[in-house]
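Shown next, in structure tokens, is the structure this report addresses.
The values are calculated or read from the model by the stated rules, or taken from the named source; none is laboratory data. Since we're looking at a predicted model, the values are computed, not measured. Glycine gets a Cβ as well: all are built from the backbone with ideal geometry, and neighbour counts include every protein chain shown. For accessibility, only protein heavy atoms count, side chains too; no ligands or nucleic acids. Shrake-Rupley method; radii C 1.70, N 1.55, O 1.52, S 1.80 Å.
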Amino acid sequence: MEHRVFVYGTLLRGEVNHHLLRDARFLGSHRTEPRFTLLVLGAYPGLVAGGDTAVFGEVYGVDAAGLRRLDQLEDYPRLYDRRVIATAHGSAWVYLYRGPRRDRVRLAQGDWRQYSRSAGPRGVAARRRRDPKNPSHRRRAAGGAAD
């Protein structure tokens, strides 16, 4: 069974975690309705329901194993929740951030790729760093074994 997933950050083409979608089927680009807030969480973004931002991303078709890999990356269901949204390519899962929001920079343009490529040293650092949000990624980044 194929699952559609809308990605908006480090899983986008050209970004650091896109390799996790190497076996996925690219369905196309999509911009959401203006109902979200996109936050900068350091090396990766967090999408929050509510707000007035239309967020740019891409939609992929993944198999069950691919969805499990994405769940692990996103630390689902602890740090991110998974919800269904309407896209131009059909209904798709999207990962919504559940963590702290206070003092986070908001990306009003809703485009992580634009931010990561144009934000100077901060954007370059974000684009090159592996996603550190869950324990297996922290161990990998430190040179240890992953789960």
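Restricting to segment 18-41, count the residues that are touching a residue at least 24 places away in the same chain (Cβ under 8 Å), not in a loop (DSSP other than H, G, I, E, B) and not hydroxyl-bearing (Ser, Thr, Tyr).
Total satisfying the criteria: 12.
Residues are listed down the side, and each one gets a yes or a no for (1) more than 16 Å from Trp93 (Cβ to Cβ); (2) under 14 Å from the mean Cα position of the chain (by Cα); (3) open to solvent by less than 40 Å² (accessible area, probe 1.4 Å); (4) β-branched (Val, Ile, Thr):
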site	(1), (2), (3), (4)
Met1	no, no, no, no
Arg13	yes, yes, no, no
His18	yes, yes, no, no
Leu27	no, no, no, no
His30	no, yes, yes, no
Leu41	yes, yes, yes, no
Val59	no, yes, yes, yes
Tyr76	no, yes, no, no
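Which pairs turn up if I take residues in segment 1-17 that are in contact (Cβ under 8 Å) with a residue 40 or more places away in the chain and farther than 15 Å from Val59 by Cβ and look for partners that are among the acidic types (Asp, Glu) and assigned to a loop (DSSP other than H, G, I, E, B) with beta carbon separation below 9 Å, at least 6 apart in sequence or on another chain?
Pairs found: Met1/Asp63; Thr10/Asp131; Val16/Asp131; Asn17/Asp131.
Taking interchain pairs and intrachain pairs at least six residues apart, which have beta carbon atoms under 8 angstrom, with the first residue in segment 42-56 and closer than 15 Å to Phe6 by Cα and the second surrounded by fewer than 21 Cβ atoms within 10 Å (Cβ to Cβ) and small (Gly, Ala, Ser)?
Pairs that qualify, where the first residue is closer than 15 Å to Phe6 by Cα and the partner is surrounded by fewer than 21 Cβ atoms within 10 Å (Cβ to Cβ) and small (Gly, Ala, Ser), are Gly46/Gly99; Phe56/Ser29.
Restrict the check to segment 99-117 and report whether at least one residue is surrounded by fewer than 19 Cβ atoms within 10 Å (Cβ to Cβ), over 22 Å from Asp52 (Cα atoms) and not acidic (Asp, Glu).
Yes: segment 99-117 contains one or more residues that are surrounded by fewer than 19 Cβ atoms within 10 Å (Cβ to Cβ), over 22 Å from Asp52 (Cα atoms) and not acidic (Asp, Glu).
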